[in-house]
Amino acid sequence: MCGIVGAVAQRNVTGILVEGLKRLEYRGYDSAGVAVLETENNHLKCLKSVGKVNQLAEKVAQNDIDGQTGIAHTRWATHGVPSEDNAHPHVSGDRFALVHNGIIENYSALRKSLQQDGYQFISETDTEVVVHLIHKLCTKNGLSLLEAVKTMVKDLHGAYGLCVIDKEQPDRLIVARSGSPLVIGVGIGENFVASDPLALGQVTDQYIYLEEGDIAEVTKDNIDIFANGEIVNREVTRIRGEIDDVTKGDYGHFMLKEIYEQSRVIQNTLNGRISAEHVLEESFGVKAKAIFDQITSVQIVACGTSHHAGLITKYWLESIAGIPCHVDIASDYRYRRIIVQPGTLFVTISQSGETADTLAALRYANELSYVASMAICNVATSSLVRESDFSLLTMAGREIGVASTKAFTTQLVALLLMTLVLGRRHGLTEEKESGYVHDLHKLPALVTDVLKQDTAIQQLSIQFADKHHALFLGRGPQYPVAKEGALKLKEISYIHAEAYPAGELKHGPLALVDDRMPVVAVAPNDELLGKLKGNLAEVSARGGKLFVFADESAGFDDEEEYQLIKLPAVPEVLAPILYTIPLQLLSYHVAILKGTDVDHPRNLAKSVTVE
Ligand code: AGP
């Protein structure tokens with residue numbers, strides 16, 4: 001995924017820009033570039049390279065660039081192959097340079113109209129139109145850089161975080177944000193811009209997070225932010241110490257920190273991939289569209305928690321996209337004879353991208369007749385990503401707790417995006433897609449709401465700490481959620497936990513139910529709620545203790561019969577993501593009461609790189 005860094009200072013900013021790009025390498029990219037206004041001759045110097053930031057750094061060192069204003073970028077190809085021409089910054093008239101994250105959906109029409117005006121395009125990207133539009137407004141209409149950006153964004157459809165410099169106004173950066181995040185790093189006599197504050201940890205600890213629609217003019221001594229044309233104040237946030245994923249901050253354990261990060265990392269996973277109304281398909285990469293056009297079924301393969309994400313996706317693909325989906329555990333799949341249906345996309349899901357069984361399954365699948373292989377993965381440089389035809393990265397940041405939490409919910413977000421783009425080809429209407437995208441926009445705030453139940457869940461956990469077994473129940477897509485809840489409890493509290501589709505109870509497991517068996521039920525207000533209630537009545541009738549995570553309007557009002565955690569009303573499609581979070585918290589608090597090593601449970605490894 002692309003990354004932006006910008007700087008305006010009284011010192012040479014080249015090193016700051018390159019270091020910023022290095023800090024963004026974790027996001028995945030295939031080319032990089034930098035543009036600096038050289039102090040000595042005010043020349044716009046632009047260098048690019050395909051491959052690693054280190055290769056760009058070598059070029060920069062050889063060219064001995066010295067400038068006080070500059071921008072830099074790591075590009076993950078969407079429109080056009082990875083190449084120096086397609087890499088950012090894009091330049092117009094040897095005067096303006098621009099970097100952009102996101103996707104300009106109407107670039108093709110804009111490109112045609114600019115070509116009629118005589119503009120020549122060097123790249124195949126959607127971005128290049130933006131810098132030429134700015135050039136046109138400044139040179140033909142006589143606007144300042146700020147005014148040109150304010151005017152130009154009205155013509156853009158899609159998602160963007162962008163930063164532009166102008167040789168004629170060398171003391172400033174102009175930035176604009178819509179659908180792709182940007183942060184301003186506040187310094188003393190110098191200021192910075194980045195798509196992720198991580199890029200600026202070397203130069204500042206003070207940040208202004210731009211909001212949707214904000215445009216800002218940043219000089220070394222001043223920051224003006226505009227919303228709807230008016231100057232606005234945005235709070236400066238101080239983040240002490242380096243921003244990273246490898247410290248616990250104020251949290252006692254990485255697992256808890258990672259549970260609480262979910263709102264932010266889900267937003268990161270959505271950024272630049274959805275517009276107000278639909279999924280930006282180009283964010284799946286240059287090869288994706290032609291592949292998706294051929295797909296009539298999906299085969300998913302993964303292990304552990306990632307496998308549970310696959311099981312939920314099966315429900316989505318079949319009910320929303322209307323295409324069949326098979327889900328297998330990688331260690332089983334890799335040793336089976338596989339019959340591949342024509343038109344099948346092979347999808348692996350993995351946090352680490354190094355899980356031995358998943359990797360072996362991919363290598364096996366690559367020998368079979370799938371249309372293509374796609375990885376949903378959290379590590380851009382992993383073997384899984386490198387060996388797949390294409391990938392969609394989750395933006396969970398580094399996950400350290402062995403028990404996977406934020407990786408799972410971001411996988412689900414990525415898989416729902418995949419479901420929607422495949423669904424388009426199989427009868428999912430624009431109207432329905434836009435309904436789902438509206439729901440996705442609400443997701444980060446809903447995660448925050450659900451986390452408010454933490455104290456209540458902590459109280460509930462007391463009743464689990466002395467138990468040896470627990471049952472988790474769900475129906476439909478909540479069954480894999482129940483499986484994930486049971487896995488979390490097993491993994492970190494060492495309590496034996498099993499999940500069942502609630503309708504299966506009376507086919508065996510009901511024999512286990514007595515007053516020493518806690519039974520956890522996942523009960524959003526969906527079409528199977530009535531059926532689930534019937535199953536829970538069977539448990540109550542046998543003296544079982546019911547712990548129900550339910551929609552506040554689901555009608556579980558008999559406090560004697562149920563121990564209840566009420567969750568806000570949520571869109572049905574998002575329920576599997578949101579109902580997982582209280583189960584993560586439950587297992588965490590039970591483990592704390594039992595005094596286990598939460599982040600490093602016995603016998604387990606974070607990344608299972610052996611068979
Ligand atoms: C989940 O909490 C586990 N740590 C484990 O099941 C994990 O999901 C599994 O090993 C797969 O790992 P991966 O996502 O890195 O491939």
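The values are calculated or read from the model by the stated rules, or taken from the named source; none is laboratory data. All of these numbers come straight from a predicted model, not from anything done at the bench. We place every Cβ from the backbone using ideal geometry, glycine too, and count neighbours over all the protein chains shown. Protein only, heavy atoms only, side chains kept; ligands, DNA and RNA dropped before computing areas. Shrake-Rupley method; radii C 1.70, N 1.55, O 1.52, S 1.80 Å.
Here the Karplus relation 6.51 cos²θ - 1.76 cosθ + 1.60, evaluated at θ = phi - 60°, turns the backbone of the range 13-18 into coupling constants of 9, 4, x, 5, 5, 5 Hz, with x for every Gly and Pro.
With K and R counted +1 and D and E -1, the other residues having a Cβ less than 15 Å from that of F390 yield a net charge of -2.
Across the range 481-611, the mean sequence separation of Cα contacts (distance under 8 Å, 6 or more residues apart), normalised by length, yields a relative contact order of 29 percent.
Is the shape of the chain rounded, prolate or oblate, going by the alpha carbon gyration tensor and its root eigenvalues a ≥ b ≥ c, with a/c under 1.5 for rounded and a/b larger than b/c for prolate? Prolate. By how many degrees, between 0 and 90 and to the nearest 10, does the Cα long axis of helix 406-424 differ from the longest principal axis of the chain? Helix 406-424 sits at roughly 80 degrees to that axis. Treating r as the C-beta distance of E318 and E561 and R0 as 25 Å, the FRET efficiency rounds to 0.15. On the protein heavy atoms, probe 1.4 angstrom, tell me the percent of accessible surface of the range 142-245 carried by carbon and sulfur. With neighbouring chains kept in place, the figure for the range 142-245 is 44 percent. Using DSSP to define loop residues, name the trypsin sites (Lys or Arg not before Pro) in the range 463-561 whose beta-carbon has at most 11 other beta-carbon atoms within 10 Å. The qualifying sites: there are none. Electrostatic tally near A321: other residues with Cβ closer than 10 Å to its Cβ, Lys and Arg +1, Asp and Glu -1, net +1. Residues in the range 237-309 average 40 Å² of solvent-accessible surface per residue, probe 1.4 Å, ligands and nucleic acids excluded.
Helix 529-541 and the long axis of the chain differ in direction by around 40°, with both axes built from C-alpha atoms.
Taking the centroid of alpha carbons for each part, the range 202-278 and the range 109-188 are 22 Å apart. Here is the list for the range 176-244: trypsin sites (Lys or Arg not before Pro) lying in DSSP coil, each with at most 14 other C-beta atoms within 10 angstrom of its C-beta, are R240.
In order along the range 445-452, the Karplus-derived 3J(HN,Hα) couplings, from 6.51 cos²θ - 1.76 cosθ + 1.60 at θ = phi - 60°, round to 5, 5, 4, 4, 4, 5, 4, 5 Hz, and Gly and Pro are given as x.
In Å², what does the accessible area per residue of the range 153-211 work out to with a 1.4 Å probe?
Normalised by residue count, the accessible surface of the range 153-211 is 30 Å².
Using 20 Å as the Cα-Cα cut-off, could you pick out the over-long pairs in K257/K452; K112/K140; K467/K545; K483/K506; K432/K483? Long pairs (Cα-Cα over 20 Å): K432/K483.
The mean accessible area for residues of the range 505-553, using a 1.4 Å probe and ignoring ligands and nucleic acids, is 43 Å² per residue. Applying the Karplus relation 6.51 cos²θ - 1.76 cosθ + 1.60 with θ = phi - 60° to the range 103-120 yields 3J(HN,Hα) values of 9, 8, 6, 9, 5, 5, 5, 5, 5, 4, 5, 5, 4, 5, 7, x, 6, 9 Hz, where x marks Gly and Pro. Counting only Cβ charges, +1 for Lys and Arg and -1 for Asp and Glu, the dipole size of the chain around its Cα centre is about 940 debye. In terms of its C-alpha gyration tensor, the range 97-146 comes out oblate, because a/c is 1.5 or above while a/b does not outweigh b/c.
Using helices alone, what [θ] at 222 nm do you get for the chain, with -39,500 (n - 2.57) per DSSP H run of 4 or more residues, divided over all residues and rounded to the nearest 500?
Values: 18 runs with 203 residues, N = 611.
Rounded to the nearest 500, the figure is -10000 deg cm²/dmol.
With viscosity 1.567 mPa s and temperature 4 °C, the Kirkwood radius over alpha carbon pairs of the range 515-577 converts through Stokes-Einstein to a diffusion coefficient of 108 µm²/s.
Taking the convex hull of the alpha carbon positions in the range 77-193 and averaging its projected area over all directions gives 7.2 nm². Computed from Cα positions, the angle between helix 53-63 and the longest principal axis of the chain comes to roughly 10 degrees.
Of all accessible surface on the range 470-510 at a 1.4 Å probe, what whole percent is carbon and sulfur?
52 percent
Among the trypsin sites (Lys or Arg not before Pro) found in the range 136-175, those both in a DSSP coil and sparsely packed, with 11 or fewer other Cβ atoms within 10 Å of their Cβ, are K140.
May I ask for the net charge around D214, where only other residues with Cβ less than 12 Å from the Cβ of D214 are counted and Lys, Arg are +1 while Asp, Glu are -1? Value of the local net charge: -2.
For the listed residue pairs K531/K566; K406/K594; K48/K289; K442/K531, the alpha carbons are over 21 angstrom apart in K406/K594; K48/K289; K442/K531.
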